[in-house]
Amino acid sequence: MAKLDFFSFGDKRKSHPLDDVKSVTEWYAATLREFVAGSHDQITKLLSQFNQDIDSPSVATLEAIIELDRLGHITHQQLCAQYLSSKLLPAIELQQRAQILSYGRQLVAAFQRFMSFDPEGEEAPQIRLLLPLVIGKMLFYLTENALWHYYRHASLDEVMWSNVNQLFRYAEEQAIDAVPLQLFPGEATTTIHDLYLAFLMTSLLNSGNLTSRQIHLAYQLALMLSNRMTLSRDLSGESSFIVNIQHAAPPSRAHNVPQLQGIRVWSTSELVDQINAWLAVYDGGSTPQALRERFSRGVDPGLLRFLVREWAVKPFRFERAERVPVASKQLEVGRLLSGVHRLVREYEEFLAQGDRQENTSVSVEEVAEIRIYGFLTGRRREKSVAQDEVVKVATGTELQLWDIENRSDSGLGVSLPAAGAEWLSLGALLATREAGQQAWSLSIVRRIKRDDKERMYLGLQLLSSRPVAAYTKAENGRNADPTLPVGMVWNQGEIALFASAMKGGVKCNTLLIPLFSYAHGKKLQMFAKNKGFLVVLGRVLEKGADWCQVEIELIRQL
């Protein structure tokens, strides 16, 4: 992102769709008829052409851009919601993200052209009236750009922080940071002060532990509660966080620093009190009225408790497993439930073959071939290899090698090249083993950080060090749906992984199954290591995009 420049102006342009509100309304109506959903890209193109123009725009043009922003807002928000609510292929995801970010960047650049107006000019009074809304919209789209970095667990660069802090400082100097404004029709009234605070509060959550939807909801909550905080110049014992609006840096916990001119501090006491009040309602078995009205789904007690910890008035201290640095070791990794199941299964088959004597390990089919042909044909081996290749493609079991950075009692910290890792997400299930070992463990991605463009860093939690390959059938013994992908079926049943887990200091039996197969209280036939059991599914302990780990109760052996 280019650094904002508040000092660029020229002469009046020629005729343009952005000359006034009437012109842009007619242009948008014609564009919408011709391009429908593609009108979003057409707005971006129009603004890009406008931003390359060196002529000086008028107040009428500014009003036209504000109107264009209003006209395109619904389509833009629908595109953002589509991204957050659906799982897209990496190429489509990249394209959609580029669409959204380009739209916001062009609007910021367009509004920025009006920031250096001549204070003695004829149109200065009209621009001053619109200035709070202009800065508010710029902050809105700068925040949106930041959120899209956070969705990918990436950090903001110094240019972004310089732009945002400079923009708020300018609003303070113009004494318009507390002027009420409405960004879009039908939305709640806000201020530049509150928009800036919501931006700062969301930036404090960039630890890599939240999904894109959780980050989006956290920002909405921060915006909703921003009026419960106030930026102050006076650092005190009640201050929770601090930011220097003269520096290109994010906020941090308030600490003893010199009383510099650019520092702004704030307390989160009232905000945390409100979140705790909502949690009390949840604990009573209800949903808070305010959250039910504002959010149809997504906000839950787990997210609120996380926010209470991260936004606490004072740093929240908790026990953390000690991390021990590791050098020159690598981790072999397989992914997807189907791929993980295949790797665990292959290891078990390898152990079983080691227990047999090779000269007596002739199968019934091989004996039949010897009787017919007098020797073993290559057809069975070729058929087996071909089938393995089909399953390998379907399950994505191509192994990757990641560098181990540190280890703790609960898991590992690893790093890997960022290129080709678009599939990684929080809650992803992995088969892991240190290079040179044979047994596989189950791990889950708990934390993702992209501190630079070349590499990314993950926090992995160990789910089980001794998983067992299993499969399930219906309670009546009915086989798996024949339309399931080949990698999801084993021995005519749905793949599953049996694993013991510790919950609250108590050992329990669990089963990892496809998410679409879960229903609380559902009874299944489970088979593992040549034994069969009738089991009932209990509560979900962990859940990913396509799998879940559930407690099981053994009813009887089959």
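Quick notes on this one:
- A 1.4 Å probe, protein heavy atoms only, puts the accessible area of Ser48 near 30 Å².
- When a 1.4 Å probe is rolled over the protein heavy atoms, the share of accessible surface on the stretch 397-501 that falls to carbon and sulfur comes to 46 percent.
- Comparing Gln52, Gln99, Leu68 along the charge dipole axis of the stretch 37-109, the residue lying farthest to the positive side is Gln99, per the Cβ-charge model.
- Sequentially through the stretch 338-352, phi angles give Karplus couplings (6.51, -1.76, 1.60; θ = phi - 60°) of 5, x, 4, 4, 4, 5, 5, 5, 4, 5, 5, 5, 5, 5, 5 Hz, Gly and Pro residues having no value and appearing as x.
- Surface composition of the stretch 20-87: carbon and sulfur make up 55 percent of the accessible area, probe 1.4 Å.
- By accessible area, using a 1.4 Å probe on protein heavy atoms only, the stretch 208-279 has 46% of its surface on carbon and sulfur.
- FRET efficiency for the Lys531 to Gln438 pair, using the beta carbon distance and R₀ = 25 Å, is estimated at 0.60.
- For the pair Asp41 and Ser102, label points projected 7 Å from Cα toward Cβ lie 0.7 nm apart.
- Sequence ranges 166-178, 331-343, ranked by mean other-Cβ count within 10 angstrom, highest first: 331-343, 166-178
- Potential lengthening between Ser415 and Ser465 on full extension [0.36 nm per residue; Cα-Cα distance subtracted]: 15.9 nm
- Shape class of the stretch 170-224 from the alpha-carbon gyration tensor: oblate, with a/c at 1.5 or above and b/c at least as large as a/b.
- Cα-centred dipole magnitude for the chain, charges only on beta-carbon of K, R (+1) and D, E (-1), debye, nearest 20: 2000
- Added length on full extension, which subtracts the Cα-Cα distance from 0.36 nm per residue, Asp283 to Ser48: 79.5 nm
- Inter-probe distance in nm under a simple model that places probes 7 Å from Cα toward Cβ, at Ala352 and His255: 5.7
- Cβ-placed point charges (K, R +1; D, E -1), dipole of the stretch 84-160 about Cα centre in debye, nearest 20: 460
- By the rule of a C-alpha distance below 17 Å, with chain neighbours fewer than 8 residues away ignored, the aspartates and glutamates paired with Lys87 are Glu422, Asp546.
- Seen against the Cα atoms of the chain and their longest principal axis, helix 59-85 is set at about 10 degrees.
- Distances between placed amide hydrogens fall under 5 Å for Val489 paired with Ile495, all partners being 5 or more residues away or on another chain.
- Candidate aspartates and glutamates - alpha carbon under 17 Å from Lys523, same-chain residues fewer than 8 apart omitted: Glu475, Asp481, Glu494, Glu551, Glu553
- Against the chain, whose longest principal axis is taken from its Cα atoms, helix 301-310 shows a tilt of about 60°.
- The heavy atoms of Phe533 offer some 40 square angstrom of accessible surface to a 1.4 angstrom probe.
- Placed amide H near Lys543: partners under 5 Å, 5+ positions off or other chain: Gln549
- Cα-Cα over 25 Å, subset of Lys137/Lys453; Lys22/Lys45; Lys45/Lys137; Lys329/Lys449: Lys137/Lys453
- Burial ranking of peptide ranges 293-301, 54-62 (average Cβ count within 10 Å, highest at the top): 54-62, 293-301
- Calculated accessible area for the chain comes out at 52 Å² per residue, all protein chains present (probe 1.4 Å; ligands, DNA, RNA ignored).
- Partners for Lys314 among aspartates and glutamates (Cα-Cα distance below 15 Å; same-chain residues under 8 apart left out): Glu238, Glu270, Asp273
- Based on DSSP H segments of at least four residues, each scored -39500 (n - 2.57), the chain has a per-residue ellipticity at 222 nm of -13500 deg cm²/dmol.
- ³J(HN,Hα) computed for each position of the stretch 96-112 - Karplus, 6.51 cos²θ - 1.76 cosθ + 1.60, integer Hz, glycine/proline x: 5, 4, 5, 4, 5, 5, 4, 4, x, 4, 5, 5, 4, 4, 5, 5, 5
- Computed with a 1.4 Å probe on the full set of protein chains, the accessible area for Phe316 sits at about 110 Å².
- Against the criterion of solvent-accessible heavy-atom surface with a 1.4 angstrom probe, Glu398, Glu310 sort, most first, into Glu398, Glu310.
- Taking the charge dipole of the chain about its Cα centre, with +1 at Lys and Arg Cβ atoms and -1 at Asp and Glu Cβ atoms, the residue from Val489, Phe533, Phe295 reaching farthest to the positive side is Phe533.
- Where labels lie 7 Å past Cα in the beta-carbon direction, separation of Ser86 and Trp423 in nm: 2.1
- For log10 I(q)/I(0) by the Debye sum over Cα atoms at q = 0.05, 0.06, 0.11 Å⁻¹, the value calculated from this model appears in (1) -0.30, -0.42, -1.11; (2) -0.24, -0.35, -1.11; (3) -0.27, -0.37, -0.99 under label (1).
The values are calculated or read from the model by the stated rules, or taken from the named source; none is laboratory data. Just so you know, these numbers come straight off a predicted model, no measurement behind them. So basically every Cβ, Gly included, is an ideal-geometry build from the backbone, and we count neighbours across all protein chains shown. Remember, those area values only see protein heavy atoms, side chains included, never the ligands or the DNA or RNA. Shrake-Rupley method; radii C 1.70, N 1.55, O 1.52, S 1.80 Å.
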